[in-house]
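Undergrad: Sending over a structure as structure tokens; questions will come in a sec.
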Amino acid sequence: MNGEDIYYNNMIKKYSDFEPIQLGYFRLNTKCDKDFISIIESMKIRVIHFVHKYWDNIDDNLFSELTDLNIICKNVKIFNIRYHIKSKSIYVILNHAKVSGSDYLLLGSVMFNGDANSLFRENKSLTNIITNSIYKTHFVYSIFKNLFYKYPRDRYNYENIIYSSINKTNKFYIIYEILVNIMNSTSNTDKLVCLLPIGFDVKVNSGNDIGVILFTFYKNTPFDKFKKYLYGLQNLVIGSKLLLTDNSYINIYSDIETKFKKNIDVVITLGEIINNTIELDIASSGMYYKMNYDFSYPYYIWGLSMNNKTHITYSVSDKLCNIQKLCDITNGENITNKYIYKLNAKL
């Protein structure tokens, strides 16, 4: 069990009604009921095989049709998938205490019959104690540098959800574009402390097996400078992963996780699926339902690249953000009370 897993399990023990549920909405690029049903039937076979292969205590009603859009997000063991024929839509309800960051992308590749292309492949030769110590020290230093003098942003206790898309898949460009969009729609802000989770190519259901890059984005930073800067921080992924799996640090990391959730301004999770046979009109997700019991991130960004297009969901609780301006800048749509997102219990 890793740091974030301990965080969620501690929260479950502390609050009897806490379930770290994450939501996802996907609308398929098909107009015909018959084609949609055919896609769903083959998807169901793949997903059920995937779940039975890696998890033991699975949900009884794993995959089912919705006759209306009344979805109950309660007592989810692993995840539930619901599909609605009329709207050609799929709704995913995930228990993040049991489904890790890497699992999300692999589940997506199973659902849409493709390959995951965004997982960090750990170099098994990196067993040198000195090298690993340097990586861990670099990550601890990044925490001190970016968070020591940081105060939490003032935020609402609910999120506005903005969906947009961009015809780009280059991750450096997408991250840069997202941060520029946020900066340009937020008042009194000249820097943003950001967290970039990176999933590892590891065994499924191995805990929340991710590394992270922690960095500060400054207003008016040129793209080339930002790309070079971010590229130079890749060792933080390994350093944070080493801390996550170090027994002597696990409980400490759980405390660090709590500080992250208070002080981080922006979290960006990006994934890519290639060679897929199923295409999407809309893909959106976020830490929207019950992922954060006490408070939400000011900005939680979820993105999925497929077919030369990146679907981006901005979950925003920052009081300084002009939501309409963010919609205008991103050519986005406020979907707070649409699709699965109207289920948010906080509203």
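No value in this document is a laboratory result; all are computed from the given coordinates. Just so we're clear, the structure is a prediction, and the values are computed from it rather than from any experiment. A quick note on method: Cβ atoms are made from the backbone with ideal geometry, for glycine too, and the neighbour counts reach across all protein chains shown.
Undergrad: For the range 49-191, what is the charge dipole size about the Cα centre, in debye to the nearest 20, if Lys and Arg each add +1 at the Cβ and Asp and Glu each add -1 at the Cβ?
TA: Values: 17 positive and 12 negative charges, 83 e Å.
With Lys and Arg at +1 and Asp and Glu at -1, about 400 debye.
Undergrad: What FRET efficiency comes out for LYS325 versus PHE172 if R0 is 22 angstrom and r is the Cβ-Cβ distance? Round to the nearest 0.05.
TA: Efficiency computed from Cβ-Cβ geometry: 0.35.
Undergrad: Suppose the chain between LEU233 and THR216 were pulled fully straight at 0.36 nm per residue; how much longer would it get relative to their current alpha carbon spacing?
TA: Details: separation 17, 0.36 × 17 = 6.12 nm, distance 1.14 nm.
Using 0.36 nm per residue and subtracting the Cα-Cα distance, I get 5.0 nm.
Undergrad: Which lysines have a Cα less than 27 Å from the Cα of LYS168, not counting those fewer than 8 places away in the same chain?
TA: Hits, sequence-local ones excluded: LYS31, LYS88, LYS191, LYS219, LYS225, LYS227, LYS228, LYS309, LYS325, LYS338.
Undergrad: Any chance you could check the Cα centroid distance between the range 310-325 and the range 213-229 for me, in angstrom?
TA: One Cα centre to the other: 20 Å.
Undergrad: Would you mind computing, in nm to one decimal, how far apart the modelled labels at TYR156 and THR67 are, each placed 7 Å from Cα along Cα→Cβ?
TA: Distance between the two pseudo-spin positions: 3.5 nm.
Undergrad: A further question on this structure: Please give, to one decimal in nm, the separation of the simple spin-label points placed at PHE148 and HIS49, each 7 Å out from Cα toward the Cβ.
TA: 5.3 nm
Undergrad: Next question, about the same structure. What nm distance separates the two modelled labels at THR277 and SER38, each placed 7 Å from Cα along Cα→Cβ?
TA: It is 1.1 nm.
Undergrad: Can you tell me which of 213-223, 104-114 comes out highest on packing, and rank the rest after it, using the mean Cβ neighbours within 10 Å?
TA: 104-114, 213-223
Undergrad: Suppose R0 equals 35 Å. What FRET efficiency, 1/(1 + (r/R0)^6) with r the Cβ-Cβ distance, do LYS309 and ILE130 give to the nearest 0.05?
TA: Values: r = 44 Å, r/R0 = 1.25.
Here the calculated transfer efficiency is 0.20.
Undergrad: Same structure again: Can you work out D for the range 7-113 in µm² s⁻¹ from Stokes-Einstein, where Rh is the Kirkwood radius over C-alpha pairs, the temperature is 10 °C and the viscosity is 1.306 mPa s? List each step's numbers first, then the result.
TA: On the way: Rh = 14.7 Å.
After rounding, the answer is 108 µm²/s.
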